[in-house]
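The values are calculated or read from the model by the stated rules, or taken from the named source; none is laboratory data. A quick note: this is a predicted structure, and the numbers were derived from the prediction, not measured. No Cβ is skipped: glycine too gets one built from the backbone with ideal geometry, and neighbour counts run over all protein chains shown.
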2 protein chains.
Amino acid sequence: MNTEQQENHDGLDEDFALGDRLIDNVIEAIEQRDSVRLTQLLEPLHSADIADILEQISAGQRRALLRLWKGEMEGEVLSELDESLREEVMESLAPEELAEAVRDLETDDVVDLLEDLDAPQQDEILEVLEDADRVAVEQALTYPEDSAGRLMQRELVVAPEHWTVGQAIDYLRSQQDLPEQFYHMILVDPKMRPTGYVTLGKLLSSPRDAKMQDIVEDSFRTISVNQDEEDVAYAFNQYHLISAPVVDDDGRLVGVITIDDAMAVLDEEHEEDMLRLAGVGEGSLSDRVIETSKRRLPWLFVTMFAAIAASFVIAQFEDTIAEFVALAILMPIVASMGGNAGTQALTVAVRALATKDITSANVWRVIRREVLVGMVNGVVFALVMGVIGMLWFGMPMLGVVIGAALVINLLVASLAGVVVPVVLDKLGIDPALASGAFVTTVTDVVGFFAFLGLASVVLL
Amino acid sequence: MNTEQQENHDGLDEDFALGDRLIDNVIEAIEQRDSVRLTQLLEPLHSADIADILEQISAGQRRALLRLWKGEMEGEVLSELDESLREEVMESLAPEELAEAVRDLETDDVVDLLEDLDAPQQDEILEVLEDADRVAVEQALTYPEDSAGRLMQRELVVAPEHWTVGQAIDYLRSQQDLPEQFYHMILVDPKMRPTGYVTLGKLLSSPRDAKMQDIVEDSFRTISVNQDEEDVAYAFNQYHLISAPVVDDDGRLVGVITIDDAMAVLDEEHEEDMLRLAGVGEGSLSDRVIETSKRRLPWLFVTMFAAIAASFVIAQFEDTIAEFVALAILMPIVASMGGNAGTQALTVAVRALATKDITSANVWRVIRREVLVGMVNGVVFALVMGVIGMLWFGMPMLGVVIGAALVINLLVASLAGVVVPVVLDKLGIDPALASGAFVTTVTDVVGFFAFLGLASVVLL
């Protein structure tokens with residue numbers, strides 16, 4: 001976004017964002033129907049950046065670009081595209097173009113591309129793959145969605161566990177088609193069960209007669225093919241893994257996951273948590289208004305029903321409000337403060353659950369701490385708002401009422417903020433679904449009830 | 001959290017969380033002052049898991065554990081600990097213990113450990129390092145905080161660009177102490193400027209007489225030593241980098257960043273965004289109540305002042321509310337809906353800015369889309385709540401008023417939700433600081449003004 005930054009030779013800003021000038025040039029080339037210029041501009045770019053350009057230009061510009069750029073689309077660009085655009089772009093390609101683009105991809109990327117398509121489209125793409133690749137992709141699709149089996153690549157570099165360094169090096173030197181990406185040689189027993197791995201760096205710096213088993217990494221850990229990809233990402237981050245062997249139910253090696261895929265999952269999971277907390281379904285900036293609107297409506301409906309519940313609470317105190325309009329004036333303060341305190345506690349809890357930092361050892365301590373924090377902050381604001389309330393309306397008891405209501409509401413807010421996500425997690429539901437909207441509503445209801453209820457008792 | 005899961009041999013749940021049984025056993029060993037048992041339990045664990053245990057047990061248990069575990073503390077555990085606990089744990093170690101723990105660490109981990117300490121403590125640790133390491137650490141500390149210079153490791157594996165594969169392999173085979181982690185051999189020109197890199201896998205599978213220059217990776221990208229670590233993490237994720245050379249202002253190679261460090265930064269940046277959006281300062285679950293409370297007070301104060309502003313708005317319509325208490329009852333619905341719609345738009349915008357998905361090419365389109373989404377959703381809820389309002393209070397015009405107020409408020413909420421973070425980003429301020437609390441308040445003020453203002457005009 002920062003236009004003052006210098007653009008590098010490939011048109012990226014210093015912070016790796018797409019430069020304004022690059023985008024302007026691309027749009028100009030599209031408008032002038034200048035396919036030579038367009039190719040010149042796009043050719044030096046990484047496929048992830050080309051995908052970003054496709055996402056950021058308008059739908060009309062995108063169609064024009066795809067027409068002008070005919071025949072140059074690469075599978076990598078498809079794989080980098082937002083899911084919502086992928087289908088649009090894939091439909092714009094001729095069958096043979098699509099086939100060629102897909103054929104260059106690694107099988108794990110093909111799986112990623114296929115899993116969101118309808119069956120007939122899937123078949124179309126599967127048909128163009130080579131036999132071995134097709135079998136691999138079909139096999140991967142049998143694993144549950146978002147599992148390690150979908151994420152792994154099947155190209156492996158293994159060695160019998162009894163080999164020496166010399167044997168391993170000679171073997172690698174003799175291979176013609178090693179995988180594009182591999183960082184370890186995995187040791188396996190005669191039943192293909194992984195027993196350790198050796199980094200290529202360690203391999204290269206060890207004497208030929210050293211035993212592979214003696215130079216394995218401590219960090220070695222296997223991942224079950226059915227493991228949720230969120231846990232896979234957690235394991236990579238927690239244990240600084242670079243790659244990890246994936247095993248089936250019998251412990252046999254079936255694939256390997258590399259850290260770049262785990263990093264992408266970590267990033268997606270984070271996006272999901274953040275959006276869920278805000279009550280937004282996943283989508284893309286290039287979605288149309290009506291799709292975006294639809295994705296946001298469900299939580300707004302939940303909010304509406306919850307807000308109506310809060311209104312019912314207020315309605316019970318109609319007479320009190322009619323007598324003291326000051327109550328209507330101060331009501332939103334109790335609600336806002338409670339909502340905010342609840343969101344704070346909720347966010348901290350959701351994050352801690354995502355990083356597996358809440359366990360049986362500390363769950364009660366964490367809950368107790370939240371209650372105490374709610375109480376301390378409640379007292380702080382009870383004093384401040386109590387004085388303000390008194391001075392504003394010249395009614396000492398009104399100050400006492402708002403103070404007491406704040407203590408109650410901040411305490412309940414903190415408690416709900418931590419307990420709701422912990423319970424959801426225990427039930428196997430994503431705690432981020434305890435969205436801010438939900439906790440805010442709890443605090444609205446409690447806040448209004450405490451404030452107006454106390455007022456009825458004390459002021460009337 | 002899920003206690004039904006099976007625990008693995010090392011005491012972890014299937015999803016890599018610390019198992020309940022493991023934690024219970026550790027606490028039992030602590031209570032029985034059984035240091036042999038404790039060592040047996042902790043020894044097989046990864047340092048990251050030991051750090052998690054230290055974070056999750058109570059302060060008293062932690063002190064007891066550190067006493068029982070005397071002499072076994074490793075530098076890796078210190079580096080994995082939350083910053084808030086690190087100081088506490090480091091102070092519990094005897095100087096020679098600390099020295100030994102630190103000496104085993106890579107220099108980038110030492111930098112990470114040192115940067116949060118006071119100068120006298122820093123000096124104490126610097127003194128125990130070997131000369132070469134101390135110089136490296138001191139040098140790293142001269143780079144700005146959160147920059148690539150702090151993140152990089154200085155252990156490098158380079159080759160002159162004119163070498164052949166054979167020369168490179170022979171060189172690597174002859175080295176005694178290659179870095180713990182390296183995945184590429186970096187090619188440099190005579191001025192030590194990196195010109196490309198070759199993966200070890202490619203190196204191993206290429207013929208001896210192939211030129212290194214001919215087998216370099218396309219993904220090659222250098223990172224400036226002053227680059228913000230957030231942008232570094234972005235680049236790794238965007239371009240699927242595994243490692244990247246870091247260069248100084250003259251383009252000379254000074255270090256290398258590996259993806260595991262970039263992944264950790266990505267995770268921390270996520271945490272920061274999430275917590276900032278909720279108006280919470282960074283901290284740890286093991287912080288004390290009073291520290292936690294202090295971290296949450298600032299935004300609660302902002303909320304309070306903003307809520308008071310909303311109350312002032314309401315106060316202007318005191319007479320209208322006294323006449324129609326139904327207004328006080330329905331007020332919170334307008335505020336809640338607006339607050340929720342604003343938070344949705346805000347979260348989507350903050351995320352898109354973090355992934356550099358908003359640029360000059362689409363910023364106006366994104367803003368226009370938000371306004372339209374706000375309008376569409378506003379109309380949907382205007383109809384629903386309009387009817388509910390009419391039926392509930394039997395006043396058709398009240399339905400019209402709440403409907404109109406919802407359209408205005410949802411439109412303003414969506415607009416504020418996207419414009420505020422975009423402007424902050426443009427100004428170089430973290431857009432996540434446009435926390436939900438802030439946008440909620442804008443929508444409270446606008447919502448109350450629209451609802452009560454319209455009511456005064458229409459109903460009176």
B:Ser206 passes all but one of (1) small (Gly, Ala, Ser); (2) part of a loop (DSSP other than H, G, I, E, B); (3) modelled with pLDDT under 90; which number fails? (3)
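In this structure, is A:Arg173 surrounded by fewer than 19 Cβ atoms within 10 Å (Cβ to Cβ) and closer than 24 Å to B:Ser243 by Cβ? Let's see the steps before the verdict.
Numbers: surrounded by fewer than 19 Cβ atoms within 10 Å (Cβ to Cβ): yes; closer than 24 Å to B:Ser243 by Cβ: yes.
Against the criterion (surrounded by fewer than 19 Cβ atoms within 10 Å (Cβ to Cβ) and closer than 24 Å to B:Ser243 by Cβ), A:Arg173 qualifies.
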Looking only at region A:147-177, count how many residues are within 18 Å of A:Asp109 (Cβ to Cβ) and within 13 Å of another protein chain (Cβ to nearest Cβ). 6
It is to be established whether one or more residues within region B:377-399 are over 21 Å from A:Gly279 (Cβ atoms), under 37 Å from the mean Cα position of the chain (by Cα) and in the same structural domain as B:Pro298 (by TED's automatic domain parsing). no
Give me the residue from region B:402-450 that is of a type in the set (Ser, Thr, Tyr) and at the interface with another protein chain (Cβ under 10 Å from one of its Cβ atoms) and, out of that set, surrounded by the most Cβ atoms within 10 Å (Cβ to Cβ). B:Ser414
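Out of the residues in region B:178-189 that are among the hydrophobic types (A, V, I, L, M, F, W, C) and in contact (Cβ under 8 Å) with a residue 24 or more places away in the chain, state the one that is nearest to the other protein chains (Cβ to nearest Cβ).
In the first step, residues of region B:178-189 are kept if they are among the hydrophobic types (A, V, I, L, M, F, W, C); the result is B:178, B:182, B:185-188.
Going one step further and asking which of them are in contact (Cβ under 8 Å) with a residue 24 or more places away in the chain, we end up with B:182, B:185-188.
Numbers: B:Phe182: 5, B:Met185: 10, B:Ile186: 13, B:Leu187: 17, B:Val188: 18 Å.
Out of the qualifying residues, it is B:Phe182.
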Looking for whichever is of a type in the set (A, V, I, L, M, F, W, C), more than 7 Å from chain A (Cβ to nearest Cβ) and surrounded by 21 or more Cβ atoms within 10 Å (Cβ to Cβ) here; the options are B:Phe312, B:Phe324. Which one fits? B:Phe324
From the set of residues in region B:283-299 that are within 7 Å of another protein chain (Cβ to nearest Cβ) and in contact (Cβ under 8 Å) with a residue 40 or more places away in the chain, which is farthest from B:Gly436 (Cα to Cα)? B:Leu285
B:Glu230 being more than 28 Å from A:Val77 (Cβ to Cβ) and surrounded by fewer than 24 Cβ atoms within 10 Å (Cβ to Cβ): no
Considering each residue of region B:190-239, count those that are closer than 19 Å to A:Tyr183 by Cα, of a type in the set (Ser, Thr, Tyr) and within 12 Å of another protein chain (Cβ to nearest Cβ), and give that number. 5
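From the list B:Asp118, B:Asp146, which residue is acidic (Asp, Glu) and surrounded by fewer than 17 Cβ atoms within 10 Å (Cβ to Cβ)?
On the way: B:Asp146 fails: surrounded by fewer than 17 Cβ atoms within 10 Å (Cβ to Cβ).
None of the other options fit; the residue is B:Asp118.
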Among (1) at positive phi; (2) touching a residue at least 24 places away in the same chain (Cβ under 8 Å) - the single one B:Gly428 does not satisfy: (2)
Among residues of region B:136-177, those that are in contact (Cβ under 8 Å) with a residue 40 or more places away in the chain, part of a helix (DSSP H, G or I) and in contact with an Asp or Glu (Cβ under 8 Å, 6 or more places away or on another chain), counted: 5
Write out, first by first residue and then by second, each pair whose Cβ atoms fall under 9 Å of each other, whose residues are 6+ apart or on separate chains, and whose first residue, in region A:235-262, is at positive phi while the second is surrounded by fewer than 21 Cβ atoms within 10 Å (Cβ to Cβ) and among the hydroxyl-bearing types (Ser, Thr, Tyr). A:His240/A:Ser219; A:Gly251/A:Thr222
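Residue by residue through region B:27-49, note down the ones that are closer than 16 Å to B:Lys70 by Cβ and either surrounded by 14 or more Cβ atoms within 10 Å (Cβ to Cβ) or within 35 Å of the chain's Cα centre (by Cα) (or both).
Let us first name the residues in region B:27-49 that are closer than 16 Å to B:Lys70 by Cβ, namely B:29-30, B:33-43.
Result: B:Ala29, B:Ile30, B:Asp34, B:Ser35, B:Arg37, B:Leu38, B:Thr39, B:Gln40, B:Leu41, B:Leu42, B:Glu43.
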Any chance you could count how many residues in region B:255-282 are closer than 19 Å to A:Gly374 by Cα and either within 7 Å of chain A (Cβ to nearest Cβ) or among the polar types (S, T, N, Q) (or both)? 4
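Restricting attention to helices (runs of 4 or more DSSP H) lying wholly within region B:68-127, give those where 2 or more residues are in contact with a helix residue (DSSP H, G or I) (Cβ under 7 Å, 6 or more places away or on another chain) and of a type in the set (Asp, Glu). Full working, then the answer.
Working: elements: B:75-80, B:83-92, B:95-103, B:107-114.
Helices (runs of 4 or more DSSP H) meeting the threshold: B:75-80, B:107-114.
Pull up region B:15-26, narrow it to residues that are more than 7 Å from chain A (Cβ to nearest Cβ) and surrounded by fewer than 20 Cβ atoms within 10 Å (Cβ to Cβ), then point me to the one that is modelled with the lowest pLDDT. Show your work before the answer.
Of the residues in region B:15-26, the ones more than 7 Å from chain A (Cβ to nearest Cβ) are B:19, B:21-22, B:24-26.
Subsequent filtering for residues that are surrounded by fewer than 20 Cβ atoms within 10 Å (Cβ to Cβ) retains B:21, B:24-25.
Working: B:Arg21: 86, B:Asp24: 90, B:Asn25: 91.
Ranking the candidates gives B:Arg21 first.
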Search region A:377-405 for residues that are farther than 17 Å from A:Leu454 by Cα and pair each with any residue that is charged (D, E, K, R) and surrounded by 15 or more Cβ atoms within 10 Å (Cβ to Cβ) when their beta-carbon atoms are under 8 Å apart and the residues are at least 6 apart or on different chains. A:Asn377/B:Arg296
